[in-house]
Amino acid sequence: MKFEKMQAAGNDYIYVNLFEEQVDDPEVLSRRVSDRHFGVGSDGLVLIGPDEEGDFSMKMYNADGSEGAMCGNAARCVGKYLYERGLTTKKEIALNTKSGIKYLLLTVNPQNNKVESVRINMGKAIFSDSNLVTIPEMVNYPLSVNGKECPITFVSMGNPHVVIFMDGIDKLDIEKIGSLIEHQPLFPQRTNVEFIEVIDQSHLKMRVWERGSGETLACGTGACASLVAGVITGRCDTKASVQLKGGVLEIEWDRDDNQVYLTGDAHFVFKGEI
Ligand SMILES: N[C@H](CCC[C@H](N)C(=O)O)C(=O)O
């Protein structure tokens, strides 16, 4: 099976083109390729395929094999893959995901015809979803973690996110606290967790603990959820740069229409065959 490894802000996935390859058990394949010692090494697996409703489809799996409904960093990589590998000449692509159709806008360098950045309409930020969280509208909700009260804000971007504003995120024991929150019974499908330091109104610094993959260098949906949580708790503007371990993402929330936009780059790392 042929694959390509791509990364966006250091969030790396193995990409398989279903127009050419067949994948029978994506959950097993994701666990196998993601392993950084016994596999290729990635945060998960992404499958690119045909679609009846949108132009193409994207499916994403975490490193533990669980399926994620949406992935902002992978969606940008898929845009670059589709254009540069010749599957489309469109610069506006409707990508169908488990959380609905997302619209991608590619910025292409006319000199070399390479995709320099991708802007995605990530859709609505949702504050209550009984499938994802048992308490509606958790804004600065005092969650008890390890016997300590920790104010959390819940935002779904199609997938669940818990946002925590705090100082000193560099020193945080994210393995411990991230995993504890991921598995809280409040979140029936587990949750992604973002730790945010507010630099100023338009600059956030973030570390992320991803459901099913552990700490990753970036999370697009997480950056969107964090900006929205920052706005509703009065900490930042509706447009901000989010600095992650693996790069910077630009996020904008059109509050009137409740549409969140994510912009950032995407890169090929290598091609391989297993
Ligand atoms: N890294 C991804 C999100 C993966 C989410 C996944 N961990 C889940 O919801 O289970 C992003 O850029 O949006």
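With (1) within 16 Å of the ligand (Cβ to nearest atom); (2) in contact with a Lys or Arg (Cβ under 6 Å, 6 or more places away or on another chain); (3) in a loop (DSSP other than H, G, I, E, B) as the list, and L47 as the residue in question, which single condition is left unmet?
Looking at each condition in turn, L47 falls short on (3).
Just to verify a result, which residue in segment 161-214, among those that are within 11 Å of the ligand (Cβ to nearest atom) and either acidic (D, E) or in a helix (DSSP H, G or I) (or both), is nearest to the chain's Cα centre (by Cα)?
E210
Would you check if there is a residue in segment 95-118 being surrounded by 15 or more Cβ atoms within 10 Å (Cβ to Cβ) and more than 22 Å from M60 (Cβ to Cβ)?
The first filter runs over segment 95-118 and keeps only residues surrounded by 15 or more Cβ atoms within 10 Å (Cβ to Cβ), leaving 95-99, 101-106, 108, 115, 117-118.
After this cut, where a residue has to be more than 22 Å from M60 (Cβ to Cβ) as well, the list is 108.
Yes: one or more hits.
Can you say whether G79 is within 25 Å of I232 (Cβ to Cβ), within 14 Å of the ligand (Cβ to nearest atom) and not assigned by TED's automatic domain parsing to the domain that holds V248, as far as the supplied structure shows? Write out each step before concluding.
Numbers: within 25 Å of I232 (Cβ to Cβ): no; within 14 Å of the ligand (Cβ to nearest atom): yes; not assigned by TED's automatic domain parsing to the domain that holds V248: yes.
Spelling it out, it is not the case that G79 is within 25 Å of I232 (Cβ to Cβ), within 14 Å of the ligand (Cβ to nearest atom) and not assigned by TED's automatic domain parsing to the domain that holds V248.
Out of segment 24-63, which residues are surrounded by fewer than 16 Cβ atoms within 10 Å (Cβ to Cβ) and either within 18 Å of the chain's Cα centre (by Cα) or within 25 Å of R190 (Cβ to Cβ) (or both)? Before you say what the answer is, go through the steps one by one.
Step one: of segment 24-63, the residues surrounded by fewer than 16 Cβ atoms within 10 Å (Cβ to Cβ) are 24-25, 27-28, 35-38, 41, 49-53.
Result: D25, E27, V28, D35, R36, H37, F38, G41.
Residues of segment 11-27 being touching a strand residue (DSSP E or B) at 6+ places or on another chain (Cβ under 6 Å), within 16 Å of the ligand (Cβ to nearest atom) and either closer than 18 Å to H267 by Cβ or in a loop (DSSP other than H, G, I, E, B) (or both), which ones?
N11, Y13, I14, Y15
The values are calculated or read from the model by the stated rules, or taken from the named source; none is laboratory data. All of these numbers come straight from a predicted model, not from anything done at the bench. FYI the Cβ positions are ideal-geometry reconstructions off the backbone, even for glycines, and counts take in every protein chain you see.
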